[in-house]
Protein chains: 2
Amino acid sequence: MILVPFDARRPKTRLADVLDADERRAFADAMLRDVVSAARAADHEVRVLATAPVAGLSVPVDVDDRPLTPAVNDVLADADGVDPVAVLTADLPLVDGPTVERLLAAAAPETVVIAPGLGGGTNALVVGHPAFRADYHGVSVRDHRAAARSVGATVREVDSRRLATDVDDPGDLAEVLIHAPESRAGRWLADAGFGVHGDDGRAAAGR
Amino acid sequence: MILVPFDARRPKTRLADVLDADERRAFADAMLRDVVSAARAADHEVRVLATAPVAGLSVPVDVDDRPLTPAVNDVLADADGVDPVAVLTADLPLVDGPTVERLLAAAAPETVVIAPGLGGGTNALVVGHPAFRADYHGVSVRDHRAAARSVGATVREVDSRRLATDVDDPGDLAEVLIHAPESRAGRWLADAGFGVHGDDGRAAAGR
């Protein structure tokens, strides 16, 4: 099962300098749909775990208004410990079906697969150990490595730029336009007037 | 053959806010040695292409004081067009031997393999087409895709966070400490007093 947690209430507050609240909700919704499409392409059961109802998705939506960590951990606790549970962040518009396949191919019994995000985050987990619990605060990739080892699980990391590129800060928008222009999120940014501005440093997106 | 271009004169100027000129040279040298070690682990011929002599490396150093693009393109022009030439940036301390193997495994005749960097850059190329030339200015990953297609080459992209993480800006230093603490670059940063500071955004490195 692939679980996609989603903040349906106040998503993407760190984009407030470049997008207003309605735009942030629309952009976050586009990214969620990109991730759901990628997960469905991988032909697994997909469920969205949202803090409020989300309309118009092609997959079931479970509403849980608690913070990310306890909401995800309840799902992990309910899992049978045999079939791995993948937890895939909803702000990964560069992820496509083959990327999700690569993530799931790393799953194994008694193993926790980690796809690190930029800046020490955890953008995907595939939990194949019944005692592992997530903790998304702080430098979570280090905490998840330690938590997996503390329950006796093997740790595997998936080395993927597409999985690592969560879109949180204005500096991330260029990645969407450069590497996923045909995604819903990429088309939303283009329609909103964003383009890529390159110099000899890293490219930035602006309108 | 794996070519590692290196600016031996004024490396890493964008780190000037956190490292002085001597520190930037020492840190750049540590990263170069990490990349050379990773490339040697992949068991291919490795050459460094530097703008000035570099002492103490275990591989040949060719000195060419021109900018990156013409210096690399002369090597591509001299290649026989049969054996692919890999061009691997010198500021990738997260790259290890298996990552280089994965890059080289994507090589094929009439194919240009691209490993994108963050912000539209190109951190690695594996050039298997005799007519392809590099251009490292601007949003080079888009230019390299177009240049490959314009000579009739197939484009393949390698999806690797480790290859994507070039260390240019102060914000990149945390990646080294989190994901490559045992590299020469990671140990250099720790010895220089840098540590990771996490909050609920992306982690940062500071001292």
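Hey, any hits in the stretch A:172-192 for a residue that's at pLDDT below 95 and over 23 Å from A:L103 (Cα atoms)?
No - not one qualifying residue is present in the stretch A:172-192.
Kindly establish whether A:A192 is more than 9 Å from chain B (Cβ to nearest Cβ), surrounded by fewer than 21 Cβ atoms within 10 Å (Cβ to Cβ) and not charged (D, E, K, R).
Criteria met by A:A192.
A:G152 is checked against (1) in contact (Cβ under 8 Å) with a residue 24 or more places away in the chain; (2) under 18 Å from the mean Cα position of the chain (by Cα); (3) surrounded by fewer than 19 Cβ atoms within 10 Å (Cβ to Cβ); (4) more than 9 Å from chain B (Cβ to nearest Cβ) and fails just one. What number does that condition carry?
Looking at each condition in turn, A:G152 falls short on (2).
Would the stretch A:107-120 turn up any residue that is more than 9 Å from chain B (Cβ to nearest Cβ) and within 22 Å of A:T51 (Cα to Cα)?
No, the stretch A:107-120 contains no residue that is more than 9 Å from chain B (Cβ to nearest Cβ) and within 22 Å of A:T51 (Cα to Cα).
Across the stretch B:160-171, what is the number of residues that are within 9 Å of chain A (Cβ to nearest Cβ) and assigned to a helix (DSSP H, G or I)?
Residues that pass the stated criteria total 5.
What single numbered condition from (1) within 22 Å of A:R187 (Cα to Cα); (2) in contact (Cβ under 8 Å) with a residue 40 or more places away in the chain; (3) part of a loop (DSSP other than H, G, I, E, B) fails to hold for A:A28?
(3)
Is at least one residue of the stretch B:112-133 touching an Asp or Glu at 6+ places or on another chain (Cβ under 9 Å) and among the charged types (D, E, K, R)?
Scanning the stretch B:112-133 turns up no residue that is touching an Asp or Glu at 6+ places or on another chain (Cβ under 9 Å) and among the charged types (D, E, K, R).
Name, by its number, the condition in (1) crowded, with 20+ Cβ neighbours inside 10 Å; (2) more than 8 Å from chain A (Cβ to nearest Cβ) that does not hold for B:P181.
Against the list (1) crowded, with 20+ Cβ neighbours inside 10 Å; (2) more than 8 Å from chain A (Cβ to nearest Cβ), B:P181 comes up short only on (1).
For the stretch A:179-207, which residues satisfy the criterion of being outside any loop (DSSP other than H, G, I, E, B), under 25 Å from B:T13 (Cα atoms) and either among the hydrophobic types (A, V, I, L, M, F, W, C) or touching a Leu at 6+ places or on another chain (Cβ under 8 Å) (or both)?
A:V196, A:A204, A:A205
The values are calculated or read from the model by the stated rules, or taken from the named source; none is laboratory data. Since the structure is predicted, the reported quantities are computational estimates derived from the model, not experimental observations. Here Cβ is always computed from backbone atoms with ideal geometry, including for glycine, and neighbour counts include all displayed protein chains.
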